[in-house]
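Let me begin by presenting the structure, written as structure tokens, before commenting on it.
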Amino acid sequence: MSENKKLSKLNSRIVGSIFAISLLIPQNIGINLLGINFEDIPLIVIFLVLLILKIQNFTLQKFDILFLSFLGIFVIYTTFLVSEFKLFNQTNLRFYFYFMLSYLCIDLLQKNENRIIDLFEPLGIVMLANFIVIIFQIQLPGTIDGWVLNNTDSINPFASGRLGGFQGGGPNVIGIICAIYCLLCVHKLIISGSIRTFLLEDRLNASLLFISLINLIFTFSRGSYLALFIGSLTLIMFSEKIDKAIKTYFVTSLSLIVIFSIYTFPGIFLKETNRSFLNSLGAKNTEIFVGAGGGNYIKSVYGEYLVTLDEDILFDEFNITYSEEERSRFLDSTVNEISMPVEGFLKLKFDYQDNLLPRSIISFYYSNDGSNWNQLGSDHTSGVVIDLIENDSFFEVGGWGDGQSPGDQYLSGFVKRTIIQTDDYKREYNFSKENRDIDYLLLTPLRKNQYESQVEYNDSFLRLERPRSYWLALPNEVNLSGKDFEITLELNLQSIPKGHETLFSQSSILRLNEEFNDQSWKWSIIDGRMYFFWIENVTSGYSNFVGGQSLRSGKLISKNGVFDSVISDFSLSQYDEITTSHNGFLTMSVEYGLFPVLIIIFLIAYSLIKNFKRIFGFEIALLLMLIAQNLTNDLVYAPDVGIYFWLIPIFFISNSLRVKN
């Protein structure tokens, strides 16, 4: 009884409030001692208080032995069984801290017989604070903090930016926190037994549910949307207050809402993602027993990309340095012959609709014989169906003087043939001297006049000249709008284009018909990387595109006189790409080896199965949400949500093993 009196002064709601306060302190402000700043102070204080209470009231139980044994083994493993030994590794210390703090919280909760839900209720103040950020679009110093502006001048809040939260985890982390609080409100709604009762008698929680949903929407975090769907579905299925008919209605309604959302907002749910590609890179760098060391995921996985950065920039942005041996190894593996002559085939593939999904897919390929094709990078999509503007004027090979190739840059080299193919149409244009004025026209820039001067041919290849001299026009016999199609070019180039050069376009502004005078689309190459640009209206011009500088895009090079590809050059614009799109367990596997991560996953699965009961419906739903989100974002590494992640499995294990006094 005396123990309970001592502990009753501090309960799980107070602890949860301190956690919530830490989420409102912007990151990297303060002392910066061993990576510790002001946002860490509340957690350190409550950790010390809980530790003192634990020591004062220490009783060794089965769960204590298991946890302390696990922590000791984990400390030894992550310190010594890694390729880069570092005694005071900040990433390791954070994991030890999260584990220990979660253990102490659950110990307090069990001894005081508190509810675990009390740890999450104070997140309501976090919802209110972030709602204010959205309303006033408050920007914070970090790149993904506060209101994160998009690269657009739109005043529409749905297009101007997204919510990034306070503490630096970014939209995906604040997204899962919003989803957690939404789940808590839904849990209270189900307990109330009536929507009317919930709305009228618990107006605060009803209001917070609305606010947290708005916050979640403005994170534009697809992983968080999915997590809430999984959590809500689990909660409904576990509820005893909802009969089977209503459960069926809810499941059907939720499914229809998800389908409706995907088809109504495909640009959010179906846009391309780099996660599969980045996860594949991580998997290639995973060993079973030995890891790269805590915090070395980026250095280990992206070494061949980052090594191209200036050493000072690399250290300032990533706190990474490479030895001369590492630099030589990475640089030797990325040497290419981009300036050498090259001959081969390039292909653009446009899929108007991705099976049943309402989005178009664009992909690029290269070949050395026109039969065996290699994809350059991965598929690209804007997430929506691209309805190309119909234009019945000429197709063009190379750029013309209408702004398609900025800065007077143009495709330089020889072209032999072009193939345009749809499901029911195929036309091959051969650019031999004999086929001039049959398969193609050479026109002067400003008029449709035939070019009369001498033209250079080389083994049935036509030389592409500066567009101010002549441009290559192909008769347009097919409407490509609303169709799947492929464009194939056979080229002989002096080198891989280094500037912005148009390969092929349906954007001739010469009018052949008064009904069609708009530009439409173009296929370009910029510094070896493929792009597809299209126009939705003439005023905005080529403001829409896919392809680009992403690591998944691929870069075209010449190797031994034929086309090849690498994915190497890196720029700081890709910073977010390599720091926010990881599977948390995969990241741990790279840094600590696969074996200890499998042990952790086993313990989580064991704790879930052991406590798979209706009374733990909220906790099970919460754990499934966090696991789902951690598969696409490394939540276990995020300072502002890592503590919440470990609370539930440690609670379940404690509940299974603890022998009550």
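Can you pull the percent of Cα pairs in the chain with separation above 38 Å?
Of the Cα pairs, 45 percent sit more than 38 Å apart.
Set the Förster radius R0 to 51 Å, insert the Cβ-Cβ distance between Phe612 and Lys426 as r into 1/(1 + (r/R0)^6), and round the FRET efficiency to 0.05.
So, using R0 = 51 Å, E works out to roughly 0.30.
Can you list the HN-Hα couplings for region 229-240, worked out from phi with the Karplus curve (6.51, -1.76, 1.60; θ = phi - 60°), rounded to whole Hz and with x for Gly and Pro?
Values, residue by residue: 4, 5, x, 5, 4, 5, 4, 5, 5, 8, 5, 8 Hz.
How high is the relative contact order of the chain, in percent, counting Cα pairs under 8 Å that sit 6 or more residues apart?
Relative contact order comes out at 16 percent.
Sorted by average packing, counted as other Cβ atoms within 10 angstrom per residue and highest first, what order do 120-132, 473-485 take?
120-132, 473-485
Treating cross-link reach as a plain straight distance, find the lysines whose alpha-carbon is under 29 Å from the alpha-carbon of Lys247, omitting any fewer than eight places away in the same chain.
Lys188, Lys610, Lys613
Which order do peptides 94-106, 36-48, 633-645 fall in by mean Cβ count within 10 Å, highest first?
633-645, 94-106, 36-48
Enter the per residue convex hull volume of region 342-567, computed from alpha-carbon coordinates, in Å³ rounded to the nearest integer.
Output value, Cα hull per residue: 126 Å³.
What spacing in nm lies between the two simple spin-label points modelled at Asp369 and Val45, each 7 Å away from Cα in the Cβ direction?
So the label points at Asp369 and Val45 sit 7.2 nm apart.
So between Lys241 and Leu256, what do we pick up on full extension, going 0.36 nm a residue minus the alpha carbon distance?
Full extension of this stretch gives 3.1 nm more.
How large is the convex hull of the Cα atoms of region 120-230 per residue, expressed in Å³ as a whole number?
Per residue, the Cα convex hull of region 120-230 comes to 102 Å³.
Report the gain in length on full extension from Glu113 to Ser160: 0.36 nm times residue separation, minus Cα-Cα distance, nm rounded to one decimal.
Answer, rounded to one decimal: 12.3 nm.
Per-residue ellipticity at 222 nm for the chain, helices alone: DSSP H runs ≥ 4 residues times -39500 (n - 2.57), over residue total, nearest 500 deg cm²/dmol?
The helix-only estimate for the chain comes to -13000 deg cm²/dmol at 222 nm.
In the structure shown, do any of Lys299/Lys559; Lys347/Lys498; Lys62/Lys111; Lys299/Lys349; Lys498/Lys559; Lys271/Lys426 have a Cα-Cα gap over 25 Å, and if so which?
In this structure, Lys299/Lys559; Lys299/Lys349; Lys271/Lys426 lie more than 25 Å apart at Cα.
Hey, rough spin-label estimate for Ile73 and Ile52, points 7 angstrom out along Cα→Cβ, what's it come to in nanometres?
3.4
How far is helix 244-264 tilted off the main Cα axis of the chain, in degrees rounded to 10, range 0 to 90?
So the inclination is approximately 30 degrees.
So for region 196-331, what are the equivalent ellipsoid semi-axes in whole Å, largest first, each being the square root of 5 times an eigenvalue of the Cα gyration tensor?
Values for region 196-331, descending: 46, 18, 16 Å.
Nearest 0.05, what FRET efficiency do Ala129 and Glu486 give at R0 = 41 Å with Cβ-Cβ as r?
With a Förster radius of 41 Å, E is 0.20.
Using the per-residue mean of other Cβ atoms lying within 10 Å as a proxy for protection, in what order, highest first, do the peptides 424-436, 299-311, 185-197 fall?
Top to bottom by mean Cβ count within 10 Å: 299-311, 185-197, 424-436.
Only the coordinates and a few stated rules stand behind these numbers; no lab work does. These figures come from a predicted structure and were not determined experimentally. Virtual Cβ from ideal backbone geometry, glycine too; neighbours counted across all protein chains shown.
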